[in-house]
Amino acid sequence: DDFNKVSFSIALPDYLNEEKNKFRYKLEGFEKDFSDFERETRITYTNLAPGSYNFLVQGMNSLGLVSSINNYEFNINKPWWQSTTFYIIQFIIIATFLFLTLFLRRSSRASRIATAFTFMIILGLFELLNILIDPYLENISNGVPIFSITSKVFLGLLLLPIEKYISRLLNNISPMS
């Protein structure tokens, strides 16, 4: 559960009444406004989306003197499964399965294997679609899981009709012998 988690420990070099030091902060790219001044010295952000961020912090000592704003810039990279290389590998695998499906459909004995390959291709595409849709559904629904579950059920109900349609299409392209 520590995915895209970032923590900051902050301090002021004012030791007169250290327990009265306060801080305000803002994570640009995530928050619009600075927080109120508070005594918290450890700030944690979790589940940050890939992108560029700039953490801004400002301190106030026990006498009410406010420091200048300090910052720390950082990036969160996309996970490996969202990389261009991964998408290219997926495309190659799907194209290979499609080629095998067309080749196997030429033989009536290998027809079941071709159907299985077709179904695997469709499942892969549906899973990719789920990966693309889920962040938007989570954002729109504020994380309520029923919307994500409903989208998966809906896509699941479409699997068989789409598989039959694609099988007919492939039969037209590569009729069985």
Taking K5 as the anchor, which lysines have their alpha carbon closer than 18 Å to its alpha carbon, excluding any fewer than eight residues away along the same chain? K26, K78
Based on C-alpha coordinates, I'd like the Rg and Dmax of the stretch 85-177, in Å. 16.0, 53
Dipole moment magnitude, nearest 20 debye, the stretch 1-101 about Cα centre, only Lys, Arg, Asp, Glu C-beta charged: 200 debye
Defining a contact as two alpha carbons under 8 Å apart and six or more residues distant in sequence, what relative contact order in percent does the chain show? 16 percent
Rounded percent of accessible protein surface that carbon and sulfur make up, the stretch 98-177, 1.4 Å probe: 71 percent
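Which of the GluC sites (Glu not before Pro) found in the stretch 1-96 are loop residues per DSSP with 16 or fewer other Cβ atoms within 10 Å of their Cβ?
Taking the stretch 1-96 and a limit of 16 other Cβ atoms within 10 Å, the loop GluC sites (Glu not before Pro) found are E31, E40.
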Cβ-placed point charges (K, R +1; D, E -1), dipole of the chain about Cα centre in debye, nearest 20: 1280 debye
As a check on your grasp of the helix formula, calculate [θ] at 222 nm for the chain: sum -39500 (n - 2.57) over DSSP H runs of n ≥ 4, divide by the residue count, round to the nearest 500. -16500 deg cm²/dmol
Just the accessible area per residue of the stretch 1-97, please: how many Å² with a 1.4 Å probe? 72 Å²
Just want the answer: with Cβ charges of +1 for Lys and Arg and -1 for Asp and Glu, which residue in A49, F23, I10 is farthest toward the dipole's positive end in the chain? A49
Summed side-chain charge close to E40 - residues other than E40 whose Cβ falls under 12 Å, Lys, Arg +1, Asp, Glu -1: +2
Counting alpha carbon pairs within less than 8 Å and at least 6 residues apart, what relative contact order, in whole percent, applies to the stretch 21-94? 28 percent
What trypsin sites (Lys or Arg not before Pro) does the stretch 11-73 have in DSSP loop regions with at most 13 other beta carbons within 10 Å? K32, R39
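The values are calculated or read from the model by the stated rules, or taken from the named source; none is laboratory data. What you see is a predicted model; the values in this text were computed from it and never measured. Cβ coordinates were reconstructed from backbone atoms using ideal geometry, including for glycine residues, and neighbour counts include every protein chain displayed. Note: areas computed on protein heavy atoms with side chains; ligands, DNA, RNA excluded. Shrake-Rupley method; radii C 1.70, N 1.55, O 1.52, S 1.80 Å.
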